[in-house]
Amino acid sequence: MITRRVRIQLVLFVVGTLIAATYIGANYARVDRLFGSGYTVTVEMAESGGIFTTADVTYRGVSVGRVTDMWLDGDGVKVEVHIDEKSTEIPADTKVVIANRSAVGEQFLDFQPRSDRGPFLDDDAVVARENTEVPIDTRTLLTNVSELLSSVNPEDLSTVIAELGDAFEGSGDDLRTIIDSGNSFITEADQKYEVTAALIRSSSTVLQTQVDSQDDIRTFATNLRELSTAVRASDADLRRVIDVGAPTATTLRTVVDENSDQISALVEDAITLNATVKANLGGVRGVLVIAPHGVESAYSIIAKDSRTGQYAARLSLSLEPENAPCLSGYVPSGRQRTPFDRTVEKWDRSKTCAATSPRGSKAGPARVSGASTNSTPDQPLVLGTYDVATNRLEVGDAQSTIPQALDLGEESWKWMMLGPAVAQ
């Protein structure tokens, strides 16, 4: 016979069992779903992405429900999600992502809203396919990794690893300092988070500029590839330049140190030379224009004779009996001597260049100095005086303010450079 005490114990045991079952059912088995608690949302996806029924559903990382069903729909998949609590408000402007809990963990569905404002998802709400994101397929990932590894040249990779080893050898303390100072950088970046976020939000303008310049960037990349190819082809020469460059630089520095005074004097003289060249820049330009033609003509004057196989100078002289092209400033027509007349005749000093003579001294370039001279439009500048008695030619005019050449003896050639620089 069951005593009263035993009956009380049995009743207490049954009550405790019911309380435990209710707690377990409510918190772990989620029995409350059977009674219509919460609401249901349908998510349209291009593919399942590894998600499955009973998979966890999170809202910003916090579990809020489960995947209750999924089925094919045309070219995609529909996933039915049950949100446990009716009070859980998820903004309708949200992105649904299939994520992994770890590298080998199970997939779960995560709601990532773009804002915290309404409207909010409600019962039978639908999240469109363009607002969903699935992880890359494992087969596609492995295929891409395999293609990437196959594209790497083992010899080039070995060279890169060896060069990196040489680059970082002995720099352990410096790397440790960089890593230790990273904490300070992260702390400072955290304090400037708002500024960084604003910069990221406004970066679309800069990125759009890059998109607009994609053709130029593509051209630059192509040219860079060609440059890299040329550098790789010249690897041996570059290594030789680097090996020889250091001793050469040392020698050059020694030469500069030992000749610093002479180099300073050379630079000072170059200033004077540059001033002279600048003042006569027109004439220098003319020489540079004409000189190549003179060099070219030299090849036609001195050439190899096809008959003898030796070099020979080929000269010709063309004589005209009449001087017709230019008459102004010359002996009148009819009184001009032919080139074949070799008799001695007295020099007529009354003849000079006409004012319109394009080849006369009046049309010559101006002197370096801006000082006045004794020349006038009717009286040309006297460049020299010839003494018939002594048979000497004196350069310059005694009454002119132009500086005369110094008597430098064997070094008189220096006057060619110094004369224009010291003109008054």
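The values are calculated or read from the model by the stated rules, or taken from the named source; none is laboratory data. All values reported here derive from a predicted model rather than from experimental measurement. All Cβ positions, even for glycine, are placed from backbone atoms using ideal geometry, and neighbour counts span all protein chains on display.
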Problem - Criterion (touching a residue at least 40 places away in the same chain (Cβ under 8 Å) and either assigned to a helix (DSSP H, G or I) or surrounded by 10 or more Cβ atoms within 10 Å (Cβ to Cβ) (or both)) met by exactly one of L273, L266, L224 - result: L273
Fill in the blank from the handout: Within segment 242-300, residues among the polar types (S, T, N, Q) and out of contact with any Pro (no Cβ under 8 Å at 6 or more places or on another chain) come out as T248, T250, T251, T254, N259, S260, Q262, S264, T272, N274, S297, S300
Completion exercise
(1) in contact with a strand residue (DSSP E or B) (Cβ under 9 Å, 6 or more places away or on another chain); (2) at pLDDT below 90; (3) not β-branched (V, I, T) all hold for E80 apart from (2)
Practice task
Identify, from the list A230, A189, the residue that is closer than 27 Å to R114 by Cα and part of a helix (DSSP H, G or I).
Solution key: A189
Exercise for the section: Tally the residues that are in a strand (DSSP E or B) and within 16 Å of T42 (Cα to Cα), restricting the search to segment 75-109. Expected result: 16
Practice task
Pairs only if they're at least six apart or on different chains, beta carbon under 7 angstrom, first in segment 47-72 and farther than 13 Å from F108 by Cβ, second of a type in the set (K, R); list them, first residue then second.
Solution key: M70/K78; W71/K78
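Taking the condition of being in a strand (DSSP E or B) and within 16 Å of Y59 (Cβ to Cβ), how many residues in segment 110-132 meet it?
8
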Exercise for the section: Would you check if there is a residue in segment 129-136 being more than 43 Å from the chain's Cα centre (by Cα) and in the same structural domain as V62 (by TED's automatic domain parsing)? Expected result: no
